[in-house]
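The values are calculated or read from the model by the stated rules, or taken from the named source; none is laboratory data. Here the structure is a predicted model, which is why all the values come from computation and not from measurement. Here the Cβ positions follow ideal geometry from the backbone for every residue, glycine too, while neighbour counts run over all protein chains shown. Heads up: the accessible areas ignore ligands, DNA and RNA and are worked out on the full protein's heavy atoms, side chains in. Shrake-Rupley method; radii C 1.70, N 1.55, O 1.52, S 1.80 Å.
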Amino acid sequence: MRGPLYPSTLPAASTRAEKFDALVLDALEPIEARWRTELTKLDVAVDDVPEIEAPGTPPQDGVLADGGVPLARLVPAGMDRRGNPTSARIVLYRRPLEARAKDSAELADLVHDVLVEQVANYLSVDPDAIEGGS
């Protein structure tokens with residue numbers, strides 16, 4: 001038999017990257033609902049893996065790491081190479097996050113926790129405040 005096993009409309013046909021993107025959106029939704037006005041100038045992105053830094057390079061600010069492996073990074077607003085303003089951005093690294101989770105439920109919890117931590121860092125508030133603990 002040749003061709004896809006599942007029709008492309010079913011969730012089972014999604015790639016790991018597509019499933020991870022959906023997981024990030026699900027984790028971000030309640031945070032955005034509560035902090036919508038404060039997060040209007042924040043973008044959220046997913047990369048497969050972090051960029052490799054040259055040996056001896058000091059660690060970058062805004063990086064959330066586990067055992068020296070970056071899981072996410074908060075990139076502050078700034079200017080691009082052409083001099084255009086850029087928004088602040090949280091970048092989640094899919095493969096390091098997936099490697100730390102035993103199953104999809106644990107991955108969902110980890111993605112949620114990382115997003116809460118990074119949004120709290122962006123807003124300069126305690127992570128408990130992001131969850132509604134004021």
Within the stretch 51-80, restricting to residues that are modelled with pLDDT of 90 or more and not hydrophobic (A, V, I, L, M, F, W, C), the one that is nearest to Ala105 (Cα to Cα) is Pro70
Number of the condition not met by Ala99 [criteria: (1) open to solvent by 20 Å² or more (accessible area, probe 1.4 Å); (2) hydrophobic (A, V, I, L, M, F, W, C); (3) over 22 Å from Arg16 (Cα atoms)]: (3)
Look through Arg89, Arg94 and report the one residue that is open to solvent by 50 Å² or more (accessible area, probe 1.4 Å), under 20 Å from Asp21 (Cα atoms), modelled with pLDDT of 95 or more and within 16 Å of the chain's Cα centre (by Cα). Arg89
Test Ala99 against the stated conditions and say whether it is at pLDDT 95 or above and of a type in the set (A, V, I, L, M, F, W, C). yes
Is the stretch 109-118 home to any residue that is out of contact with any strand residue (DSSP E or B) (no Cβ under 6 Å at 6 or more places or on another chain), surrounded by fewer than 15 Cβ atoms within 10 Å (Cβ to Cβ) and part of a loop (DSSP other than H, G, I, E, B)? no
Is it fair to say Arg81 is open to solvent by 70 Å² or more (accessible area, probe 1.4 Å) and part of a helix (DSSP H, G or I)? no
Matching residues in the stretch 64-83 (in contact (Cβ under 8 Å) with a residue 12 or more places away in the chain and closer than 16 Å to Val114 by Cβ) number 9
